[in-house]
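Down below is the structure, laid out as structure tokens.
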Amino acid sequence: MYKYKTSGVCSKSISFEIVNNKITNVNFEGGCAGNALGISSLVSGMTPIEVIEKLKGIKCGKKSTSCPDQLSNAIETLVL
């Protein structure tokens, strides 16, 4: 299980696992519950590279980052 402390977003941290090069069990601590569940469901089963390609650079309103972007940062930082 990987755990990443987020920065610049409402969620406090993101935890996830990688099994057979596939993202599983993504969990956002805090933040927007519906969006977090949606992101978790959508990325489940994707490879780390696929998730980074899809989510990197997404912004939330005027913020320079977002929860999806923070997930891509977490994967880059902790896995690659």
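General remarks:
- For region 39-53, the criterion of being assigned to a loop (DSSP other than H, G, I, E, B), of a type in the set (Val, Ile, Thr) and modelled with pLDDT of 95 or more is satisfied by at least one residue.
- Complete set of residues in region 35-48 that are of a type outside the set (Ser, Thr, Tyr), in contact (Cβ under 8 Å) with a residue 12 or more places away in the chain and surrounded by fewer than 20 Cβ atoms within 10 Å (Cβ to Cβ): ASN35, GLY45, MET46
- Of the residues making up region 56-80, those that are surrounded by 13 or more Cβ atoms within 10 Å (Cβ to Cβ), over 8 Å from the mean Cα position of the chain (by Cα) and either in contact (Cβ under 8 Å) with a residue 40 or more places away in the chain or assigned to a helix (DSSP H, G or I) (or both) number 6.
- Taking the criterion of being assigned to a loop (DSSP other than H, G, I, E, B) and free of Cβ contacts under 8 Å to residues at least 60 places away in the same chain, the residues of region 1-23 that qualify are MET1, CYS10, ASN20, ASN21.
- Within region 24-38, considering residues that are part of a helix (DSSP H, G or I) and not small (Gly, Ala, Ser), the one farthest from CYS67 (Cα to Cα): LEU37
The values are calculated or read from the model by the stated rules, or taken from the named source; none is laboratory data. Computed from a predicted structure; not experimentally measured. Glycine also receives a Cβ, built like all others from the backbone with ideal geometry; neighbour counts cover every protein chain displayed.
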